[in-house]
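Participant: The structure that follows is given in the form of structure tokens.
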Amino acid sequence: MPTSPSRILRAVAFAADRHRFQRRKDDASSPYINHPIEVAEVLVIEAGVDDETTLIAALLHDTVEDTETTIEEIRELFGPAVAAVVAEVTDDTTLPRQERRRIQLERAGGVSREAKLVKIADKISNIRDVASRPPTGWSLERRREYVLWAASVARECAGIIPKLDELAEKELTRAMATIDGRF
């Protein structure tokens, strides 16, 4: 099925509106919307993904977790397929961070193809940020720990697009070299 630019642009506008007051945790306090856009860019530009459901879910992947948006709202505006993928990649923010990470790693291999692609691209984007624009105050050890965990999640989702898997491994290697001062 061909991708609809109008639906994708509606998703960008929706995500931008929902994340409008949010900033990334880096020293520059980058606009949060840059992250979901980068996740979609990784999928389109670096992995050749053109599936509309996957791309819209990539743009919306943090709206439920990080804003007042509900899965029902995503379903109403973007359809049940997009809502299902967003639900699969959304963490339960009532749980402690370590528990969310454990659950995410445990469930990663069992999610849909679309959710796996979004997860891998999300982890690539986050690994890049932690290496080059780390959250303010994160120690080198915390950065290492995050990158290794994110790479583990990406590996659990691997096997759909080899190019995307290779990119995740490349970013892990680059991030660890940067964090360890070898790059």
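Participant: So which trypsin sites (Lys or Arg not before Pro) in segment 1-36 pass both tests, a DSSP loop state and at most 14 other Cβ atoms within 10 Å of the Cβ?
Facilitator: Filter output for segment 1-36: ARG20.
Participant: Positive end of the dipole of the chain, charges at C-beta (+1 Lys, Arg; -1 Asp, Glu), about the Cα centre: which of ALA115, PHE21, ALA154 has its Cα farthest in that direction?
Facilitator: After comparing all options, I get ALA154.
Participant: Name the shape class, rounded, prolate or oblate, that the alpha-carbon gyration tensor gives for segment 1-130, where a ≥ b ≥ c are the square roots of its eigenvalues, rounded holds for a/c under 1.5, and otherwise prolate holds if a/b is larger than b/c and oblate otherwise.
Facilitator: In terms of gyration-tensor shape, rounded.
Participant: First check a/c for segment 23-96, with a ≥ b ≥ c the square roots of the eigenvalues of its C-alpha gyration tensor; if it is under 1.5, answer rounded, and if not, answer prolate when a/b is larger than b/c or oblate otherwise.
Facilitator: Oblate is the answer for segment 23-96, as a/c is 1.5 or above yet b/c matches or exceeds a/b.
Participant: Going through segment 74-183, which trypsin sites (Lys or Arg not before Pro) have at most 11 other Cβ atoms within 10 Å and a DSSP loop state?
Facilitator: Passing both the DSSP loop test and the Cβ count: ARG182.
Participant: List the residues, sorted by chain then number, that are 5 or more residues from ASP26 or on another chain and whose placed amide H is less than 5 Å from its amide H.
Facilitator: Hits under the 5 Å cutoff: THR136.
Participant: Follow-up question, since we're still on this one. Based on C-alpha coordinates, I'd like the Rg and Dmax of segment 96-169, in Å.
Facilitator: Cα-based Rg and Dmax for segment 96-169 come out at 12.3, 35 Å.
Participant: For the chain, with only Lys/Arg (+1) and Asp/Glu (-1) charged at the beta-carbon, what is the dipole magnitude about the Cα centre, in debye rounded to 20?
Facilitator: The dipole of the chain has a size of about 500 debye.
Participant: Give me the distance between the Cα centres of segment 45-104 and segment 112-159, rounded to whole Å.
Facilitator: 16
Participant: Tally Lys and Arg at +1 and Asp and Glu at -1 over the other residues with C-beta under 15 Å from the C-beta of GLU99: what net charge comes out?
Facilitator: +1
Participant: Still on this structure, I have one more. Would you mind working out the magnitude of the charge dipole of segment 1-54 relative to its Cα centre, with +1 at each Lys and Arg C-beta and -1 at each Asp and Glu C-beta, to the nearest 20 Debye?
Facilitator: My answer is approximately 380 debye.
Participant: Right, another one. May I ask which residue of ALA57, ALA131, LEU77 lies farthest towards the positive end of the charge dipole of the chain, with charges of +1 (Lys, Arg) and -1 (Asp, Glu) on Cβ and the Cα centre as origin?
Facilitator: ALA131
Participant: Turning to a different aspect of this structure: Short version: what are the Cα gyration tensor semi-axes of segment 1-42, square root of 5 times each eigenvalue, largest first, in whole Å?
Facilitator: Gyration-tensor ellipsoid for segment 1-42: 24, 12, 5 Å.
Throughout, read-outs are computed from the coordinates displayed, never taken from laboratory work. In this text, all values refer to a predicted model and were calculated from it rather than measured experimentally. Here the Cβ is made from the backbone with ideal geometry for all residues, glycine too, and neighbour counts use every protein chain on show.
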